[in-house]
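Participant: A single structure is presented below for examination.
The values are calculated or read from the model by the stated rules, or taken from the named source; none is laboratory data. Computed from a prediction, not measured in an experiment: that's the story for all the values here. Cβ sites come from the backbone with ideal geometry, for glycine too, and all protein chains shown count toward neighbours.
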Amino acid sequence: MRVRALLLTLGIVVAAGGVARATDEDFARTGGFVGGGFVGALNETDFEDLTGDSLGFDLRGGYRFHRHFAVEGQLTYTHSIGGDFGVTDVNFETLTGTVNLKGYLLPGRVQPYGLVGIGGTSAHAEADVYGTTVAEDTTTAFTFRGGGGVDIYLTPRVHLYTEATYVLLTGDFHGDGMIPLVFGAQVRF
């Protein structure tokens, strides 16, 4: 069900991007960018039933080297929002860093894009009973990120972005992952 919702969201983003194109200014110029935003992540790991989904933040910076391509570094932190079972509390945190290649479909004011990236994730799980930690584990995993989003330019230097990706985790996670849904802002220079 969540995968269908993700695909539907990406389809709407791509369709909307085809309707609104800027003609006056070059929003697709080369140059650096930095930004950040808020994350709501759907947990698709074995901890899903124990911890629920997650909230967090996203930081990124990169360089657009062609009007249709950019490379970026992305850092995503999430912390579970479920996991409270009366006297027992289960927490699940992830810190994911990836290097992404972004491909922009349109060069106008509204720019849908797809991205692929590789990197790593540090995941920490902890179970507390009456405030005392009874189980704790930290692991790292090689990570693949794939998905898409849309940049909506307010000015040639400032834009909002929304993005949906799938973060595939290897190792102890056996190919499970998370679906971060991001809303943020970036500045170009």
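Participant: Can you name the residue in the stretch 97-114 that is in contact with a Phe, Trp or Tyr (Cβ under 8 Å, 6 or more places away or on another chain) and of a type in the set (A, V, I, L, M, F, W, C) and is also surrounded by the most Cβ atoms within 10 Å (Cβ to Cβ) among such residues?
Facilitator: Val110
Participant: Condition test on Thr45, is it under 19 Å from Pro180 (Cβ atoms), modelled with pLDDT under 95, in a loop (DSSP other than H, G, I, E, B) and touching a Gly at 6+ places or on another chain (Cβ under 8 Å)?
Facilitator: yes
Participant: Could I ask something else about it? Being assigned to a strand (DSSP E or B), within 22 Å of Gly52 (Cα to Cα), of a type in the set (S, T, N, Q) and in contact with a helix residue (DSSP H, G or I) (Cβ under 6 Å, 6 or more places away or on another chain) narrows it down to one residue among Thr139, Thr121; which is it?
Facilitator: Just one listed residue meets the conditions, Thr139.
Participant: Follow-up. Of all residues in the stretch 152-167, which are touching a residue at least 12 places away in the same chain (Cβ under 8 Å), farther than 16 Å from Ala41 by Cβ and either touching a helix residue (DSSP H, G or I) at 6+ places or on another chain (Cβ under 9 Å) or among the aliphatic types (A, V, I, L, M) (or both)?
Facilitator: Ile152, Val158, Leu160
Participant: In the stretch 123-139, what count of residues is obtained for those that are closer than 24 Å to Gly177 by Cα and loosely packed, with under 14 Cβ neighbours inside 10 Å?
Facilitator: Qualifying residue count for the region: 5.
Participant: Kindly check whether there is at least one residue in the stretch 149-156 that is on the phi < 0 side of the Ramachandran plot, aromatic (Phe, Trp, Tyr) and either surrounded by fewer than 21 Cβ atoms within 10 Å (Cβ to Cβ) or modelled with pLDDT under 90 (or both).
Facilitator: Checking the stretch 149-156: at least one residue is on the phi < 0 side of the Ramachandran plot, aromatic (Phe, Trp, Tyr) and either surrounded by fewer than 21 Cβ atoms within 10 Å (Cβ to Cβ) or modelled with pLDDT under 90 (or both).
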